[in-house]
1. How charged is the neighbourhood of Val183? Take every other residue with its Cβ under 13 Å from the Cβ of Val183, and add Lys/Arg as +1 and Asp/Glu as -1.
2. If you take the Cα atoms of the chain, find Rg, then find the Kirkwood Rh from the mean of 1/r over all pairs, what is Rg/Rh?
3. Between the range 109-162 and the range 189-244, how many Å separate their Cα centres?
4. Looking at the range 50-118, I'd like the Rg to Rh ratio, where Rg is from alpha-carbon atoms and Rh is Kirkwood's inverse mean 1/r.
5. Note the angle between two axes, namely the Cα long axis of helix 299-312 and the longest principal axis of the Cα atoms of the chain, as a number of degrees from 0 to 90, rounded to the nearest 10.
6. What is the set of long-range amide H partners of Val194 at a cut-off below 5 Å, with H atoms built 1.01 Å from backbone N?
7. Mind checking the range 1-97 for GluC sites (Glu not before Pro) that DSSP puts in a loop (not H, G, I, E or B) and that have at most 16 other Cβ atoms within 10 Å?
8. Quick query: amide H of Thr81 versus all other amide H atoms, modeled in the peptide plane; which residues come in under 5 Å with a sequence gap of 5 or more or a different chain?
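Only the coordinates and a few stated rules stand behind these numbers; no lab work does. What you see is a predicted model, and the numbers here were worked out from it, not measured in a lab. Note that each Cβ is placed from the backbone with ideal geometry, even for glycine, and that neighbours are counted across all protein chains shown.
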Amino acid sequence: MPRVLVVDDSPVERKLAVRLLQQCESWEIREASDGKEALDWLQKESFTLILSDICMPEMGGLELLDQVNLRYPGLPLVAMTSQGSEELAVSALEQGAASYLPKRLIGRDLIEVVHRVLEASQEVRKHDKLQQSLTCCQQVYQLTNDLPLVSSIVQEVQKLAGRLGQVGQGTLIQIGVAIEEAVLNAMIHGNLEVSSELRERPDNAFYDLIHARSRQEPYKDRRVQFQIRISPEELHLIIRDEGPGFDVSKLPDPTDTDRLGLSSGRGILLMRAFMDEVEYDANGNQVTMRKLFEKPVSTDEVSEQELLCTTTA
């Protein structure tokens, strides 16, 4: 049963909103005269939605919204605004309010606005619950040579790895670095055929050539295929470009002390350091990377290990 908290310092306007909401007999309604009283209610009961005035003494609607976002993320707040406070309504939306309603339209639109927000909130909760049931995910992308796309694909994989693999922040960062290096290699060195040796020059020749070839044929029409398969056990990636490839046997050793200060080879060094497996195909167009996720150790397993160590000692 939805439970709505109405927050307004004006008893007349608060009672009006409550009477309108009570037309929906399945809704439970609570009242608060300002933000502080609203927070007291939130500590005592769980709510489905907050309907709050913006301008109030003690604690106003914007401050209440900040506290709700901090303490009760996902709880929607609909801001009510008086005439002349449109800028505050915009501020509320920018701070995360689910919707807003001018007080002069409460009699006509209140029920509809609350219904819409409740339905949207319910769909979000259903989606979150569905995502918690996800056990395996496989996706395939055809990426243009648009370098800003790389950060988006990294974030997507990190999000899935964090959910399915239950890995720590440090591992997620390493996975992100390895993916970024692999995709950038495919775009820049594979599809655009820009040599990393240009980075050693003091001018902008490296980036100038990237910019030029991203608009020239045949380079601009080439794509990077990015395949991901992720489960609680492992992350499996295949990244393939449409360039001419290279002789994998001639890859310089990135750990060679004479080359550690150079840009070329650094990406492969990071990929091999952060992933459990990194393998190129014979043509040099495709790299396969694999990351195994460590199974979280249960409390029982820890106790058994401690007992074994104690017994052995």
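1. Numbers: positive: Arg223, Arg240; negative: Asp146, Glu156, Glu180, Glu181, Asp241.
With Lys, Arg at +1 and Asp, Glu at -1, the neighbours total -3.
2. On the way: Rg = 27.9 Å, Rh = 24.2 Å.
Over the Cα atoms of the chain, Rg/Rh equals 1.15.
3. That distance is 27 Å.
4. On the way: Rg = 11.3 Å, Rh = 12.0 Å.
That ratio is 0.94, to two decimals.
5. Once rounded, one gets 50 degrees.
6. His189
7. On the way: sites: Glu13, Glu25, Glu28, Glu31, Glu37, Glu45, Glu58, Glu63, Glu86, Glu87, Glu94; in loops: Glu25, Glu45, Glu58.
Here the GluC sites (Glu not before Pro) that fit, given the DSSP loop and packing criteria, are Glu25, Glu45, Glu58.
8. The answer is Leu101, Lys103.
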